[in-house]
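Undergrad: Handing you a structure now.
The values are calculated or read from the model by the stated rules, or taken from the named source; none is laboratory data. Note that the coordinates shown come from a computational prediction; the quantities given were computed from them, not determined experimentally. Ideal geometry is used to build each Cβ from the backbone, glycine not excepted, and the neighbour counts take in all protein chains shown.
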Amino acid sequence: MKRLTIQRQAILDLINRSNQHWDAEELARCLNKNGHQLGIATVYRGLGALENSGLIQSIQLADKKRYERADKGHHDHLICTNCGDIEEFCDDKIEQRQQQVAQDLSFHMTGHQLLMFGICQRCFNQSAGSEAL
Ligand SMILES: [Zn+2]
Ligand SMILES: [Zn+2]
């Protein structure tokens, strides 16, 4: 593998040290706080290159991509549209169904992403609480 630039290595290290699903702005802010001088354009380019090399993974949300470690193995995501919280899950039955659907349609699936949107329990409880007042 080609050697990474110091900047890309810093991006990769930060992602690999966490379980978060980062967007580019969050990464730039955190890296700059840690003493790296990285413009947002550099972060975007770095993320694209790291993803193309398979070193990180991304999920595509409506407005932006979020990036995470590549070594977690396959999983899918539950996304709270109120607070942005992201939960991970993996369900064997869903995985198998998807394989079957692809096979039935003679489709050679190379991967998939399943995003479920909704309201997390915490936000749900909060809104229920405020309505009671
Ligand atoms: Zn929430
Ligand atoms: Zn994830």
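Undergrad: Which condition number in (1) surrounded by 14 or more Cβ atoms within 10 Å (Cβ to Cβ); (2) within 16 Å of ligand 1 (Cβ to nearest atom) is the one that Q121 fails?
TA: Single failed check for Q121: (1).
Undergrad: Considering the range 1-52 alone, what residues qualify as being surrounded by fewer than 17 Cβ atoms within 10 Å (Cβ to Cβ) and within 16 Å of ligand 2 (Cβ to nearest atom)?
TA: Passing the criteria: N16, R17, S18, N19, Q20, E26, E51.
Undergrad: If you don't mind, another one. Which of (1) away from ligand 1 (no atom under 16 Å from the Cβ); (2) at pLDDT 95 or above does Q113 not meet, given it meets every other one?
TA: Just one mismatch for Q113, condition (2).
Undergrad: Something else about it: Pairs only if they're at least six apart or on different chains, beta carbon under 6 angstrom, first in the range 24-37 and modelled with pLDDT of 95 or more, second part of a helix (DSSP H, G or I) and among the β-branched types (V, I, T); list them, first residue then second.
TA: These pairs meet every condition: A24/V43; L27/V43; A28/I40; A28/V43.
Undergrad: A further question follows. Could you please tell me which pairs satisfy a Cβ distance under 6 Å, a separation of 6+ or placement on different chains, a first residue in the range 60-82 that is outside the structural domain of L27 (by TED's automatic domain parsing) and over 19 Å from E95 (Cα atoms), and a second residue that is more than 8 Å from ligand 2 (Cβ to nearest atom) and part of a strand (DSSP E or B)?
TA: Listed by first residue and then by second, the contacts come to T81/F117.
Undergrad: Is it the case that some residue within the range 76-97 is more than 30 Å from S127 (Cα to Cα), in a loop (DSSP other than H, G, I, E, B), within 15 Å of ligand 2 (Cβ to nearest atom) and touching an Asp or Glu at 6+ places or on another chain (Cβ under 9 Å)?
TA: No: the range 76-97 contains no residue that is more than 30 Å from S127 (Cα to Cα), in a loop (DSSP other than H, G, I, E, B), within 15 Å of ligand 2 (Cβ to nearest atom) and touching an Asp or Glu at 6+ places or on another chain (Cβ under 9 Å).
Undergrad: Among the numbered conditions (1) surrounded by 11 or more Cβ atoms within 10 Å (Cβ to Cβ); (2) within 14 Å of ligand 2 (Cβ to nearest atom); (3) farther than 21 Å from I6 by Cα, tell me where Q57 comes up short.
TA: (3)
Undergrad: Here's something else I'd like to know. Are any residues in the range 60-74 surrounded by 14 or more Cβ atoms within 10 Å (Cβ to Cβ), away from ligand 1 (no atom under 16 Å from the Cβ) and part of a loop (DSSP other than H, G, I, E, B), and if so, which ones?
TA: Scanning the range 60-74 gives a single hit, A70.
Undergrad: Moving on to the next point. Residue under question is A10, and the condition is that it be small (G, A, S), farther than 16 Å from K64 by Cα and modelled with pLDDT of 95 or more; does it hold?
TA: Yes; evaluated as a whole, the condition is true for this residue.
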